[in-house]
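What follows draws every value from the coordinates through simple rules; no lab data is involved. This one's a predicted model, so the numbers in the text were calculated from it and none came from an experiment. Cβ atoms come from the backbone with ideal geometry, glycine included; neighbour counts cover every protein chain shown.
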Amino acid sequence: MAESARVKLYDQVKNAEQREADLIFLPEKRELAYAKILRYKKQAEKMYNKKVKPRTFHVGDLVLKKCKASRHVRKLDPNWEGPFKMMKIAKNGEYRLQDMSGKDLS
């Protein structure tokens, strides 16, 4: 049976040296890969934040609330519930809502 070019050109000593060199440079290669990942994440974050439009709500505004997945939402169920009346704007973007019958949501 004829040997392939890969088998003919194989040098065990050279291969061992190359594997040892690869192991020596492995931490450096990992650091470079990690730096690339961080750069990509920053770029993706920048692109996402460029498209986000800040929303401001005021007391008395009528708003919709996204349905929670814990409510066993089916495929054709509405994604939003409401309207709710904005009662209070708390810290850190937290809002107090009241349904149209006057019941506070917690």
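Below are the figures for this structure:
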item	result
Filtered trypsin sites (Lys or Arg not before Pro), region 1-64: DSSP coil and at most 16 other beta carbons within 10 Å	Arg55
Inter-label distance, nm, simple model (7 Å from Cα along the C-beta direction), Phe57/Leu38	3.7 nm
Once exposed loop GluC sites (Glu not before Pro) are cut out (DSSP; at most 15 other Cβ, 10 Å), longest piece of the chain	4-93
Principal semi-axes in Å for the chain [√(5λ), Cα gyration tensor, largest first]	62, 20, 12
Paired Rg and Dmax values of region 5-51, which use every Cα atom, in angstrom	19.0, 57
Nearest-ten-degree value, helix 12-51 long axis tilted from longest Cα axis of the chain	20 degrees
Extreme residue, positive dipole direction of the chain, given options Leu62, Ala16, Tyr40 (C-beta unit charges)	Leu62
Full-extension gain in nm, Asn15 to Met86, via 0.36 nm per residue minus C-alpha separation	18.6 nm
